[in-house]
Amino acid sequence: MKRRLIVAAGVLIAAVLATVGASGAPAAADQNCLGWERQLRAGAGVGHLGRPAIDRLDDDRPFGQVLRDWRADDCMRLNYVQVLGTHNSYHSEPRPPLLQFIGALSPQQAAAIEYTHRPLGEQLEELGIRQFELDVYVDPVPGLFALPLGQLVFPTNPPNPDPIKPELAGPGLKVLHVPDVDFETSCLTLVACLQELENWSDANPGHLPVMVQIEAKDEAAPIPPDVLPPGVPLPVTPVPFGPAELDAIDDDIRSVFGEDQLITPDVVRGPRATLEEAVLNDGWPTLNETRGRFLFTLDNEGNERDLYVAGHPSLAGRVMFTSSPPGSPEAAFVKLNDPTANGADISSLVAAGYIVRTRADADTVEARFGLTSRRDAALASGAQFVSTDYPEPDPDLGTGYLVDIPGDDIARCNPVLSPPGCDSSNFED
């Protein structure tokens, strides 16, 4: 009975607020959110009598809490939050003999790829990861990546009697880091990776929006032909991404996720003329509107980005946001990987309304030597998505290095953008 009274009180308060907002000239919902932010700012750091009414009502629990949570949920935008992501989220380090072979050619490269992530579903469930990165390659003739050189030269022990995985023999975009040498992955195709994310989302529909960054790759293995044993074929020559191949990324995403599961440029742009105008003036959707949804971004910033934007002004009809420079019609998301060099730029972009992804570490350097300055700069920058190879320590390195969101929670109020008084305890249902 008490619970029903509490819910009824919350519904009644919400209705009264909507009626009051609707009676004035400005629109109710937006005006209520502007008032909510002003109240939070006015109430920050002042005594009881100076605190806003919503804050004082909170002392009269539970009715004040119902009102407070309702307002925060309807007004907190997805870019007001900071979450943890993983870099090359699918990646498993090469088997030891192959890693030694790579190390003989390039010790620095071997060290840079000596890390392994859990499967995507475990990252979501056990580590609280809410941003992923997937590298994809075109496979125009199914089977192009089915039998990597590293597998031929350094087979498993005992040898696998059927070394070709069926998923690699079929069509579709393949997920891996570098063909022939760094090909171990927890999910072999883009569709398989996305299905793993979607399955977890179905079981946890109240999750914060998850960002998936996709890099369209055509990098060949840097193996000199003279180091290969006689009779071993040359490394694969990947196929570059053109317009049709970029369209295939969108198609694969839409084959797994319905439109009601996606945060697309069209959704964010709304009636505005450009996407940038929308994020700078109207802002991103709220948490209440985006829980259980996915936002996709394109990692590439060169020819692939230009081809993806061409014919789609402000990314009309597209699934992914592009890392485009501010001032571009489609600018809304920016990738700035180095928070040490670009920390001030990241903070300025976040404060203006852009979404930013940065990296807390790179090439295993920070983890090997226990360096934390880059990690700390990434978190302090306000980048909404902070990516790492170490959401948990690697015991083999012995430094204890890891990256997590301060407060040991899945997300926190953005240190640059969130209104004072922001409460992260109810970010996820």
Point to revise | Calculated from backbone phi, Karplus (6.51, -1.76, 1.60) coupling profile of the stretch 409-420 in Hz, x at Gly/Pro | key: 10, 5, 8, 9, 4, 4, x, 9, 10, 5, x, x
Exercise for review: If a/c stays under 1.5 just call it rounded; otherwise compare a/b with b/c (prolate if a/b is bigger, oblate if not). Do that for the stretch 182-304, with a ≥ b ≥ c from the square roots of the Cα gyration tensor eigenvalues.
Suggested key: prolate
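Assigning unit charges at the beta carbon (Lys, Arg +1; Asp, Glu -1) and nothing else, what dipole magnitude in debye, to the nearest 20, does the stretch 249-319 show about its Cα centre? Intermediate values should be presented prior to the final figure.
Working: 7 positive and 14 negative charges, 44 e Å.
Taking the Cα centre of the stretch 249-319 as origin, the dipole is about 220 debye.
How do the peptides 316-327, 378-389 rank, highest first, by the average count of neighbouring beta carbon atoms within 10 Å per residue? Show your work: numbers first, answer last.
On the way: 316-327: 18.7, 378-389: 25.6.
The peptides rank, most packed first, as 378-389, 316-327.
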Point to revise | Simple Cβ-charge dipole of the stretch 324-429, Lys/Arg +1 and Asp/Glu -1, about Cα centre, in debye nearest 20 | key: 440 debye
**Study point:** Förster radius 35 Å - calculated FRET efficiency between VAL267 and GLN109 (Cβ-Cβ, nearest 0.05)
**Key:** 0.30
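Would you work out the charge dipole size for the stretch 202-272 about its Cα centre, treating the Cβ of every Lys and Arg as +1 and the Cβ of every Asp and Glu as -1, and quote it to the nearest 20 debye? Mind showing how you got there, number by number?
Numbers: 4 positive and 13 negative charges, 40 e Å.
Using only the charged Cβ atoms, the result is roughly 200 debye.
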Exercise for review: Compare the peptides 95-102, 129-136 by average per-residue count of other Cβ atoms within 10 angstrom and give them in order, highest first.
Suggested key: 129-136, 95-102
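If the chain between VAL365 and GLU259 were fully stretched, how many nm would it gain, using 0.36 nm times the residue separation less the Cα-Cα distance? If you can, show how the numbers build up before the last one.
Values: separation 106, 0.36 × 106 = 38.16 nm, distance 3.97 nm.
Value of the extension gain: 34.2 nm.
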Review point. Among ILE355, GLY327, GLY407, whose Cα sits farthest toward the positive end of the charge dipole of the stretch 306-429 (+1 at Cβ of Lys/Arg, -1 at Cβ of Asp/Glu, about the Cα centre)?
Key: GLY327
Study note, to complete from the structure: Residue separation between ASN199 and LYS165 times 0.36 nm, minus their alpha-carbon distance, gives in nm 10.0 nm
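Every read-out reported here was derived from the displayed coordinates using simple, explicitly stated rules and does not represent laboratory data. Fair warning: this is a prediction, and the values are worked out from it, not measured in the lab. Positions of Cβ are backbone-derived with ideal geometry, glycine not excepted, and every protein chain shown enters the neighbour counts.
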